[in-house]
Structures are given as C-alpha cells and as structure tokens.
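Here's the structure we're looking at; comments come further down.
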Amino acid sequence: MLRANHSPQKRRQNLDKDPIAEDELSHLRSGLKQIHRNYLNYIAALIVLAAGVSYRVLSLDFAVGIELFEVSLNIGLWIGLFTGFMANGNKQRRIRISIVSICVSASASLFAAMLVVLLQGYMASWVMSINILASALGSMWVLTYYDEVVQALESLEYVNEKQLLFVNKAAGYFEELEDFRLKIEQQGRKPLVAEYQAILDWIHYKANVNNK
C-alpha cells in the first residue's frame, strides 16, 4: 500500500482475507517501480550537481579544494557504509543500500562543502560541520525512504523453493493456512514474500496463544 504522501510500505497480508489479486499486485508493483525510478533520478541529479560544483571549485584552484574534496568523499564513504550496515534485510539488500547511500552521502557532502567554498572563496571554519550534516542527512533519507521502497518491492516478489516448501508443510497442519494456500494456488501463482511473512507471524501468534 502507499501512504497518503506516496511513501511506500511493505505489504502485509491479512490471512483472514483473500490473497492479493493479480491485477492489484500488478498495480502495486508498477507504482513502486515508478517511485523507485523517481528516487534513482533524484540521486542521479544530486550526483551531477555535486560533480559540477566540485569541478568548478577545483578549477578555481583554491588551496583547500583538493583537501576538502578528499575529506568529503571519505565522509560520504564511511557514513554510506555505516548506513548499509544499519539497514535491515539480507546481504543483497545491505549491499544495495550501501552503494546507494555512499553515492547519496558523498554527493551531498561534496555539494554542501564545495558550494560553501565556492560562495565564500575560502575554507570557513564551519564547512566541515555542514559537510558531515549533509552526508548524514543523505544517509537518513536512504534509510527512511529508499530502503522502504526496496523492502516494499521485495515483499511483492514470489517466495523461493525453500519458503514454498515451508508454506506447503505448514498448510498441512492448519486448516486456515490450507484455505489461504489454495486461494493463492487458484490464482496460478506462488505465495508472495509478504504472504510468507504473514504466515510466519500467524504461526508465531498461534504458538504464543497455545503456550498460555
């Protein structure tokens, strides 16, 4: 589903209701992919702006230009790596978030620092604070928005064979899950990751209830 401000959320399936219909599934995927493309366009625009401003500052041959350029890249690199480390999910998602975060953080850091130098013509004492702040804000954006749309897209993917085997086995023990599995099968598709997660949550809930 999409929030009112068009920020995506991971799709959570209610097992008491019918599975996601194929037309709704296509609509959700299409909307999320469009948001993802928009985000990548924003990132590309930031990289181009940062590269342009950095080139201009370095071409003016300010004494601190090269030094600030290297420091900005290092700040963006380490904060970007930290963002990837803090992201939830599997190794593939962490790597993906790390790469995007490094691009965003380094570009934001370069753009902020170089722009200040370009406007001032010298290294102001507070440029490094702006540099770090811009990089950190860029990483926060990646975790808050970009990571969320990536997770939403992943939740609409189909389960792998191991997860499918688990769903089929679990359905053999619970009538509710078997009914839900049959509804998915009638659509001619495998369960979604979101549906698989909902099944895990449902089994966990049942186990807690039975243990009380």
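Worth a mention:
Condition check ((1) open to solvent by 40 Å² or more (accessible area, probe 1.4 Å); (2) in contact with a Lys or Arg (Cβ under 8 Å, 6 or more places away or on another chain); (3) touching a residue at least 24 places away in the same chain (Cβ under 8 Å); (4) not in a helix (DSSP H, G or I)) across all residues:
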| site | (1), (2), (3), (4) |
| --- | --- |
| Glu154 | no, yes, yes, no |
| Lys162 | yes, no, no, no |
| Glu178 | yes, no, no, no |
| Ile184 | no, yes, yes, no |
| Lys190 | yes, no, yes, yes |
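- Looking only at residues of the stretch 48-65 that are part of a helix (DSSP H, G or I) and either out of contact with any helix residue (DSSP H, G or I) (no Cβ under 7 Å at 6 or more places or on another chain) or among the aromatic types (Phe, Trp, Tyr) (or both), we find that the one that is most open to solvent (accessible area, probe 1.4 Å) is Tyr55.
- When Ala207, Ala194 are checked against the criterion of being crowded, with 17+ Cβ neighbours inside 10 Å and part of a helix (DSSP H, G or I), a single residue qualifies: Ala194.
- Lone unmet requirement of (1) open to solvent by less than 40 Å² (accessible area, probe 1.4 Å); (2) closer than 30 Å to Ile102 by Cα for Val167: (2)
- Of all residues in the stretch 75-93, those that are open to solvent by 80 Å² or more (accessible area, probe 1.4 Å), in a helix (DSSP H, G or I) and over 16 Å from Leu137 (Cβ atoms) total 3.
- Residues being within 17 Å of the chain's Cα centre (by Cα) and either of a type in the set (A, V, I, L, M) or surrounded by fewer than 24 Cβ atoms within 10 Å (Cβ to Cβ) (or both) - total across the stretch 130-144: 7
- Selection status of Arg96, under 20 Å from Ala45 (Cα atoms), of a type in the set (D, E, K, R) and either at pLDDT 85 or above or buried (at least 20 other Cβ atoms within 10 Å of the Cβ) (or both): yes
The values are calculated or read from the model by the stated rules, or taken from the named source; none is laboratory data. The shown structure was predicted, so the numbers you read here are calculated from the model rather than taken from an experiment. We place every Cβ from the backbone using ideal geometry, glycine too, and count neighbours over all the protein chains shown. Note: areas computed on protein heavy atoms with side chains; ligands, DNA, RNA excluded. Shrake-Rupley method; radii C 1.70, N 1.55, O 1.52, S 1.80 Å.
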